[in-house]
Amino acid sequence: MLPFIDKILLQFRSCFSRRAAFHWFVITVIGLMLRSDQLGVTSILRDLSLHPRCYETLIHFFRSSAWSLESLRQTWLQVVRKTAPLMVVHERVVLVGDGMKQAKEGRRMPGVKKLHQESENSSKGEYIFGHLFGAIGVLAGTPTKWFYLPLLMNLQDGVKAIRNWNASAEQEPASHVVQMIDQGFAAAKTFGSALLLLDRYFLSIPALEQWKRSQTSNKACLDLVTKAKTNAIAYEPPAAKKPGRGRPPKKGKKGKLKELFQTRAAEFQTATLLLYGKEESVSFLCLDLLWGQGLYQPLRFVLVLHRGQPSILVSTDLTLEATEIITLYGYRFKIECTFREMKQVIGAFGYRFWSKSMPKLKRYLRKNEGHPLEQVTDEADQKRIRLTLEAIERFVMCSCIATGSVQMIALRFSTRTPGLFWRYLRTPSKAIVSEATVMVYLRKSIFRLLAQSPHLTLTQIIRFKQEKRHMDADLLAS
């Protein structure tokens, strides 16, 4: 198991211009994979028994100029493509994208803004102050268990003013839905072609316009599978020939999709599909219609009745079967499961990066009052705020690598390592263990595994950081 982790981490060596920075990257990822609490980066030092003087250098690592976030993301995409057992549908991998909101109360933390939460959970506030991340991942695993393996995560709201400080930017930062489409194409370039599963929030005209532009300008092939709102309106294709003079019509008859559940109920078909790990009976009707006022994009709509609840699924690929669209969209919920593991188990969003140069957060802005960031004109202050923002995204990216590594360990070693099943569970997994089980095993066995593999690079790095006599030289090197 430890040689497998070592092999993964060694592939990132080219991302770092200095050896010390690469060593701290290894420490960070290993620490996130086994830490027992989420009390900041100090938990990494405690669980790996590192020297206390490592703390300042580890904090500096996330603002270091010895590595870039983009190179780390590209290398991680290549590692996943080569190592993970990916789900493939018609020679295309299956990507999943969504937004994730994390509450943050930092008054001097960049990117914090007021966010609205649409949730049926009464314990969640309707409005929170926090960060909005956009996430893209890929489905990996076996037919018995699929994981959402995170690939890319970045802040997509509340950072427009900070992004505009970059003089090399050619255009203003795009909206959340447009950035999600761009991220999907960025991931699809590595895998060749892909299907992207999205929530109904992302079925919008700006998203489809960006998808059409990217389809023609990128070498990657990406199709969307998403969900429409129940009040969606679509148009029939226009007639082949228009009588008389004038421009041919772009659309046909308009209709409300929810009314088709009653008016065309006799045309619904029934099938038994594997949904959420169980065989379920669903009724569906497949239609190719035009959608979007002024856009009139051809889409495949699948009207679904499951346990008496109506749903409208949408695909930009008109060749996908209706049953394939229903089955694929059932896997979209895997992203919510991984978000839960990243929050509660990995502690991927337990960062506390802030800057004195950042203006204090104003919770209640008056009408027509400018954002406090607009008053920051000093280049040194702007640079410190940008570094703080990048430190947040770097920490989250390291957490994505740690989460994906844990998932690949579960997929590869669940049948080879009996020790993974020692943990008592009321409902134990019969095939592949969870991320939490792998982390508990690593936490209990890490020093025994290190003793068994003294020749590995990660073993030598961890032991070097544990020795007090080497600390002064290492601090100077970093």
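The values are calculated or read from the model by the stated rules, or taken from the named source; none is laboratory data. Please read these numbers as outputs of a predicted model, since none were measured by experiment. Neighbour counts are summed over all protein chains in view; Cβ atoms, including those assigned to glycine, are modelled from backbone coordinates with ideal geometry.
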Qualifying residue in region 293-300 (condition: closer than 22 Å to Thr327 by Cα, surrounded by fewer than 18 Cβ atoms within 10 Å (Cβ to Cβ), in contact with a Ser or Thr (Cβ under 6 Å, 6 or more places away or on another chain) and not charged (D, E, K, R)): no
Test: residue in region 304-321 that is surrounded by 17 or more Cβ atoms within 10 Å (Cβ to Cβ) and either more than 28 Å from the chain's Cα centre (by Cα) or farther than 23 Å from Tyr201 by Cβ (or both): yes
Breaking point among (1) part of a loop (DSSP other than H, G, I, E, B); (2) in contact with a strand residue (DSSP E or B) (Cβ under 8 Å, 6 or more places away or on another chain); (3) of a type outside the set (A, V, I, L, M), for Gly99: (1)
Set Lys258, Lys227: member being within 25 Å of Pro143 (Cβ to Cβ) and of a type in the set (D, E, K, R): Lys227
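Can you find, within region 100-118, the residue that is surrounded by the fewest Cβ atoms within 10 Å (Cβ to Cβ) among those that are among the small types (Gly, Ala, Ser) and under 19 Å from the mean Cα position of the chain (by Cα)?
The extreme case among them is Ala103.
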Search result, residues across region 336-383 that are of a type in the set (D, E, K, R) and buried (at least 18 other Cβ atoms within 10 Å of the Cβ): Glu341
Subset of region 256-280 (residues that are of a type in the set (Gly, Ala, Ser) and either exposed (fewer than 11 other Cβ atoms within 10 Å of the Cβ) or modelled with pLDDT under 90 (or both)): Ala266, Gly277
Sole residue being within 30 Å of the chain's Cα centre (by Cα), farther than 16 Å from Val225 by Cα and small (Gly, Ala, Ser), chosen from Gly277, Gly294: Gly277
One residue from Ala207, Ala140, Ala186, Ala135 being among the small types (Gly, Ala, Ser), touching a Cys at 6+ places or on another chain (Cβ under 9 Å) and modelled with pLDDT of 85 or more: Ala135
Wholly within region 127-205, strands (runs of 3 or more DSSP E) carrying at least 2 residues that are surrounded by 17 or more Cβ atoms within 10 Å (Cβ to Cβ) and free of Cβ contacts under 8 Å to residues at least 60 places away in the same chain: 127-142
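Can you tell me which of Ala348, Ala271 is assigned by TED's automatic domain parsing to the domain that holds Trp146, touching a Phe, Trp or Tyr at 6+ places or on another chain (Cβ under 9 Å) and among the hydrophobic types (A, V, I, L, M, F, W, C)?
Ala348
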Residues located in region 441-471, provided they are at pLDDT 90 or above and among the aliphatic types (A, V, I, L, M): Leu442, Ile446, Leu449, Leu450, Ala451, Leu456, Leu458, Ile461, Ile462
Single residue of region 35-70 satisfying the filter (touching a residue at least 24 places away in the same chain (Cβ under 8 Å), touching a Phe, Trp or Tyr at 6+ places or on another chain (Cβ under 9 Å) and assigned to a helix (DSSP H, G or I)) that is surrounded by the fewest Cβ atoms within 10 Å (Cβ to Cβ): His60
Pairs where the first residue, in region 94-117, is over 30 Å from Ser193 (Cα atoms) and the second is in a loop (DSSP other than H, G, I, E, B) and of a type in the set (Lys, Arg), C-beta under 7 Å, 6+ apart: Arg107/Lys360; Arg108/Lys356; Arg108/Lys360; Val112/Lys104; Gln117/Lys124
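For region 330-345, indicate whether the set of residues that are modelled with pLDDT under 95, closer than 24 Å to Gly141 by Cα and in contact with a Gly (Cβ under 8 Å, 6 or more places away or on another chain) is non-empty.
Yes, because at least one residue in region 330-345 is modelled with pLDDT under 95, closer than 24 Å to Gly141 by Cα and in contact with a Gly (Cβ under 8 Å, 6 or more places away or on another chain).
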In region 217-254, the residues that are surrounded by 15 or more Cβ atoms within 10 Å (Cβ to Cβ) and in a strand (DSSP E or B): Cys221, Leu222, Asp223, Leu224, Val225, Thr226, Lys227, Ala228, Ile233, Ala234, Tyr235
Within region 71-97, considering residues that are touching a Cys at 6+ places or on another chain (Cβ under 8 Å) and surrounded by 18 or more Cβ atoms within 10 Å (Cβ to Cβ), the one nearest to Trp354 (Cα to Cα): Leu72
Close pairs (7 angstrom Cβ cut-off, 6 or more residues apart or separate chains): of a type in the set (Phe, Trp, Tyr) in region 439-464, part of a helix (DSSP H, G or I) anywhere: Tyr441/Gly419; Tyr441/Leu420; Phe464/His470
Which numbered condition Leu420 misses (of (1) modelled with pLDDT of 90 or more; (2) over 26 Å from Leu152 (Cβ atoms); (3) part of a helix (DSSP H, G or I)): (1)
